[in-house]
Amino acid sequence: MWMVFALLSAIFAALTSILAKVGIEGVNSNLATAIRTVVVVIASWGMVFLTHAQSGLSEISRKSWLFLILSGLATGASWLCYYRALQIGDASKVVPIDKLSVVFTLILAFLFLHEQFTVKSLIGCALIAAGTLMMVL
């Protein structure tokens, strides 16, 4: 089931890029990011209440709060940079560079989460990096 959600995530991310590129025309990138963020906040809390997940709020540990907040800050920084890059660059070049996050994630997962870095993942990282380079040059 995780693969279905991962594929849906990729499809929605692709739609996000195209819709944002059209919508950001003539709009300050920071303002556009703020508007997008408000929509995400409303939709996310809507899903929390729709699924009655709000009862778990009091059970979140301090460690989880800290890392969720840090993750939110990283997401915000990513969105701000992404929207600015999308505003001044071509979507067909910005998006592949943004997807280098896959390579960075694998490296960070190896370093900090001690996940396996196999020959297969090393080759995959190299191919993603090479493919990104080919697409943006």
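The values are calculated or read from the model by the stated rules, or taken from the named source; none is laboratory data. Note that the structure is predicted; figures quoted are calculated from it, not measured. All Cβ positions, even for glycine, are placed from backbone atoms using ideal geometry, and neighbour counts span all protein chains on display.
Give the residue, chosen from SER71, SER17, SER44, SER64, that is modelled with pLDDT under 95 and of a type in the set (Gly, Ala, Ser). Answer to the selection: SER17.
Per-residue answers, yes or no, for (1) charged (D, E, K, R); (2) under 14 Å from the mean Cα position of the chain (by Cα); (3) within 16 Å of PHE12 (Cα to Cα); (4) at pLDDT below 95:
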residue: ARG84; (1), (2), (3), (4): yes, no, no, no
residue: LYS99; (1), (2), (3), (4): yes, yes, yes, yes
residue: LEU113; (1), (2), (3), (4): no, no, no, no
residue: PHE117; (1), (2), (3), (4): no, no, no, yes
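Would you call ALA109 within 25 Å of ALA130 (Cβ to Cβ), touching a Lys or Arg at 6+ places or on another chain (Cβ under 7 Å) and small (Gly, Ala, Ser)? Criteria not met by ALA109. Contact list please: Cβ distance under 9 Å, first residue in the stretch 1-18 and under 13 Å from ARG36 (Cβ atoms) and part of a helix (DSSP H, G or I), second residue hydroxyl-bearing (Ser, Thr, Tyr) and modelled with pLDDT of 90 or more, pairs at least six apart or on different chains. Every condition considered, the pairs that remain are SER17/TYR82. Summed over the stretch 73-121, residues that are exposed (fewer than 14 other Cβ atoms within 10 Å of the Cβ), of a type in the set (Gly, Ala, Ser) and closer than 22 Å to VAL40 by Cβ total 5.
Only one of the numbered conditions (1) of a type in the set (A, V, I, L, M, F, W, C); (2) touching a Phe, Trp or Tyr at 6+ places or on another chain (Cβ under 7 Å); (3) in a helix (DSSP H, G or I) is not met by PHE117, and that is (3).
Among all residue pairs at least 6 apart or on different chains, which show Cβ distances below 6 Å where the first residue, located in the stretch 82-106, is over 15 Å from MET135 (Cα atoms) and the second is of a type in the set (S, T, N, Q) and assigned to a helix (DSSP H, G or I)? Note: pairs meeting the criteria are TYR83/SER29; TYR83/THR33; ARG84/SER29; GLN87/SER29; LEU106/SER121. Might you let me know whether the stretch 75-94 holds any residue that is in the same structural domain as LEU133 (by TED's automatic domain parsing), part of a helix (DSSP H, G or I), touching a Phe, Trp or Tyr at 6+ places or on another chain (Cβ under 9 Å) and among the β-branched types (Val, Ile, Thr)? For the stretch 75-94, residues in the same structural domain as LEU133 (by TED's automatic domain parsing), part of a helix (DSSP H, G or I), touching a Phe, Trp or Tyr at 6+ places or on another chain (Cβ under 9 Å) and among the β-branched types (Val, Ile, Thr): present.
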